[in-house]
Amino acid sequence: MKNKSNFIKKTTKNMVKKNKIKTNRKYESGWRKFLTFSILALTAGACQEEFGKETTNINSLPTGIINLSFEVETLTIPTLQNEGNASSQEKIQAIPFSERNKVQVSAYEDGTTNWRLEKLTPKNDLSVQHETPPNNQQQVKVTMIDQTGMGSFYDSKGVLLYTHEVPVPSFIDVVANIKENPNMIFTAMGVKTVENVKLILANAEANGHIIQDLGNGMVSVRTENGIGNSSAQLRGEADNFTTVDIFNTSLGIMIGSTMYDELENIVCQAFYRYGFNIYDQLVPEAIYMQSWDKDPITGEIKKVETNTYFENVTATININ
């Protein structure tokens, strides 16, 4: 198994040198839904009620037919292209930061879910020392969201601070796919079965996308996308984007992806690193991403590097 892990890391490293790559693809939409929702829930909006009562039921979740648990640490490092001409607000927005969370989710056949989200201390602290006064307000440590979408927010002592509704998306499609093929439990996290990758390639070919054999089990898929959303334009003024995804057909994984605008400028790129968990399951270890943001008013371009690291990734399935 050690040889497998070394092969994955070596292969990924070589692919990164040859191909600049991105994230944000529909192929791992289930995983992105899980991850995106967990991040949004941690920063959810205003409270409806305040309580101040201690509770003892925030350390575990009811068991679902699918149960997923992982720790995720995100390092965000913005860089301004012309820092000398940047405004104070732009400089503040370019301050690096890091965060670490433990995410636990139990999913049910009807697509509903229970969530437990806990803020942890980052292993890589990017906090910048400045003169901002300390925040003495009670901070949310644990967020619990039940199947009805009601969120309960607790401090580090288990005191309930407030509750409010959290708009939880339905995961019925993810549950149905995993129930049909339990081997696809980590498909939502970018790790696909070999059969799943073959299906992706077949669909890409049927839709007229450009497929290229790169050798050693590597295949690229080039897709033309007419996005046409002026509010989401990142670099340049182009509406039409091209994405290039790299797959390892032998292992059934996405190595990485790149998005280009119509002028062939890179808008966003990322690559993925994988390893094996304690159950000898192939799981993601890290996502390395770069993107470029153009301020619509000042024209200042900000490069953002986001490194996301996963640890203690486990999943169980309870299907009769």
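The values are calculated or read from the model by the stated rules, or taken from the named source; none is laboratory data. Only a predicted model underlies this, so the values are computations on that prediction, with no experimental measurement involved. Quick reminder, even Gly has a Cβ in these numbers, built from the backbone with ideal geometry, and neighbours come from all protein chains shown.
In the list Gln89, Gln93, which residue meets the criterion of being modelled with pLDDT of 75 or more and either surrounded by 14 or more Cβ atoms within 10 Å (Cβ to Cβ) or touching a helix residue (DSSP H, G or I) at 6+ places or on another chain (Cβ under 9 Å) (or both)? Show your work before the answer.
Details: Gln89 fails: either surrounded by 14 or more Cβ atoms within 10 Å (Cβ to Cβ) or touching a helix residue (DSSP H, G or I) at 6+ places or on another chain (Cβ under 9 Å) (or both).
Every option except Gln93 fails the conditions.
For every residue, the table says whether it meets (1) farther than 19 Å from Thr193 by Cα; (2) modelled with pLDDT under 90; (3) in contact with a Leu (Cβ under 6 Å, 6 or more places away or on another chain).
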position: Arg222; (1), (2), (3): yes, no, no
position: Gly228; (1), (2), (3): yes, yes, no
position: Ile246; (1), (2), (3): no, no, no
position: Leu263; (1), (2), (3): yes, yes, no
position: Val267; (1), (2), (3): yes, yes, yes
position: Met289; (1), (2), (3): yes, no, no
position: Asp295; (1), (2), (3): yes, yes, no
position: Glu300; (1), (2), (3): yes, yes, no
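Among the residues of the range 266-320, which ones are under 25 Å from Thr79 (Cβ atoms) and over 18 Å from the mean Cα position of the chain (by Cα)?
Scanning the range 266-320 gives Ile266, Asp293, Lys294, Asp295, Pro296, Ile297, Thr298, Gly299, Glu300, Ile301, Lys302, Lys303.
Can you say whether Leu126 is assigned to a loop (DSSP other than H, G, I, E, B), farther than 24 Å from Ala315 by Cα, touching a Phe, Trp or Tyr at 6+ places or on another chain (Cβ under 7 Å) and touching a residue at least 12 places away in the same chain (Cβ under 8 Å), as far as the supplied structure shows?
Judged against the criteria, Leu126 is a match.
Would the range 69-84 turn up any residue that is surrounded by 11 or more Cβ atoms within 10 Å (Cβ to Cβ), among the small types (Gly, Ala, Ser) and at pLDDT below 90?
There is no residue in the range 69-84 that is surrounded by 11 or more Cβ atoms within 10 Å (Cβ to Cβ), among the small types (Gly, Ala, Ser) and at pLDDT below 90.
Scan the range 282-315 for residues that are more than 18 Å from Phe70 (Cα to Cα), among the aliphatic types (A, V, I, L, M) and part of a strand (DSSP E or B) and jot them down.
Scanning the range 282-315 gives Met289, Ile301, Val304.
Which ones in the range 276-301 are in contact with a Phe, Trp or Tyr (Cβ under 7 Å, 6 or more places away or on another chain) and over 24 Å from Lys179 (Cβ atoms)?
Glu285, Ala286, Ile287, Tyr288, Ile301
Could you check how many residues of the range 254-277 are surrounded by fewer than 24 Cβ atoms within 10 Å (Cβ to Cβ) and in contact with a Pro (Cβ under 9 Å, 6 or more places away or on another chain)?
The qualifying residues number 2.
Is there any pair with a first residue in the range 71-86 that is part of a loop (DSSP other than H, G, I, E, B) and a second that is buried (at least 16 other Cβ atoms within 10 Å of the Cβ) and aromatic (Phe, Trp, Tyr) whose Cβ atoms are under 9 Å apart and which are 6 or more apart or on different chains, and what are they?
So the pair list comes out as Gln81/Trp292.
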